[in-house]
Amino acid sequence: MTVHVLFVCLGNICRSPTAHGLFEHIVSEAGLSDKIVVDSAGTGGWHAGDPPDKRAQATAVQRGYNISHLKARQVNQMDYQRFDYILAMDEQNLNDLTEFKPVDFKGELGLFLELAGVDDAREVPDPYYGGDAHFNHVIDLIEHASLELLERIKKEHQL
Ligand code: 4NP
């Protein structure tokens, strides 16, 4: 059985591609790439087709991750059929995802940090209008939560 994980933010150019790239890297290091499929999307479609924001790419590289190959896309109805975990970066993303959730969605939809079991923060804050410190904070939160999320998924799916 393959577990499908989708990270969602607003634009899919800062937070969710960072989570996508980091989680995929951590999954690969754990030797679980054939068991866990990772993707990301934005609730908005303005940046569809774009690579991650240069600042998000640079912050990722500083921490040893490459996210330059990723391309933004907007969430769609098929995502609710395909993904077992749909993980929102903030409350607004979660509200939007909840609004469009079909009644037969069988997966888990929630805040990334909450579902990962991280309890020092609930949201990964939008860094788009911020500076380096904001992007560093985003990657700190995502790195910690990604490790916790993998442990949770391994337990839940006996991986
Ligand atoms: P993200 O950041 O949701 O983390 O990708 C943003 C990217 C773009 C915009 C807002 C947030 N925007 O307004 O274009």
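Scanning region 1-12 for residues that are open to solvent by 10 Å² or more (accessible area, probe 1.4 Å) and touching a residue at least 60 places away in the same chain (Cβ under 8 Å), we see that the one that is nearest to residue 109 (Cα to Cα) is 4. Filtering region 18-53 to residues that are among the small types (Gly, Ala, Ser) and either touching a residue at least 24 places away in the same chain (Cβ under 8 Å) or crowded, with 16+ Cβ neighbours inside 10 Å (or both) leaves 19, 21, 30, 40, 41, 42, 44, 45, 48, 49.
Note on region 126-159: among residues that are hydrophobic (A, V, I, L, M, F, W, C), within 13 Å of the chain's Cα centre (by Cα) and open to solvent by less than 80 Å² (accessible area, probe 1.4 Å), the one that is farthest from residue 1 (Cα to Cα) is 138. Criterion applied to 75, 61 was being more than 15 Å from the chain's Cα centre (by Cα) and among the aliphatic types (A, V, I, L, M), and the one residue passing it is 61. Within region 115-135, the residues that satisfy the criterion of being over 20 Å from residue 39 (Cβ atoms), more than 14 Å from the ligand (Cβ to nearest atom) and part of a helix (DSSP H, G or I) are 132, 133. Just one residue in the set 95, 66, 76, 136 is closer than 25 Å to residue 48 by Cβ and touching a residue at least 40 places away in the same chain (Cβ under 8 Å); that residue is 66. If you go through region 19-52 one residue at a time, how many are part of a strand (DSSP E or B), within 16 Å of the ligand (Cβ to nearest atom) and either within 13 Å of residue 5 (Cβ to Cβ) or touching an Asp or Glu at 6+ places or on another chain (Cβ under 8 Å) (or both)? Adding up the residues that qualify gives 3. When each of 101, 106 is tested for being touching a Phe, Trp or Tyr at 6+ places or on another chain (Cβ under 7 Å) and either of a type in the set (Lys, Arg) or in a strand (DSSP E or B) (or both), the lone residue that passes is 101.
Taking the listed residues 37, 8, 27, 61, the one that is under 20 Å from residue 130 (Cα atoms) and either modelled with pLDDT under 95 or touching a strand residue (DSSP E or B) at 6+ places or on another chain (Cβ under 6 Å) (or both) is 8, with no other qualifying. In the condition set (1) surrounded by 15 or more Cβ atoms within 10 Å (Cβ to Cβ); (2) under 17 Å from residue 9 (Cβ atoms), residue 84 is compliant with all but (2).
Selection of region 54-63 for residues being surrounded by fewer than 20 Cβ atoms within 10 Å (Cβ to Cβ) and within 11 Å of the ligand (Cβ to nearest atom) yields only 55.
The values are calculated or read from the model by the stated rules, or taken from the named source; none is laboratory data. For clarity, every value in this text was computed on a predicted model and none was experimentally measured. We place every Cβ from the backbone using ideal geometry, glycine too, and count neighbours over all the protein chains shown. To get the accessible areas, we keep the full protein, side chains included, count just its heavy atoms, and leave off ligands, DNA and RNA. Shrake-Rupley method; radii C 1.70, N 1.55, O 1.52, S 1.80 Å.
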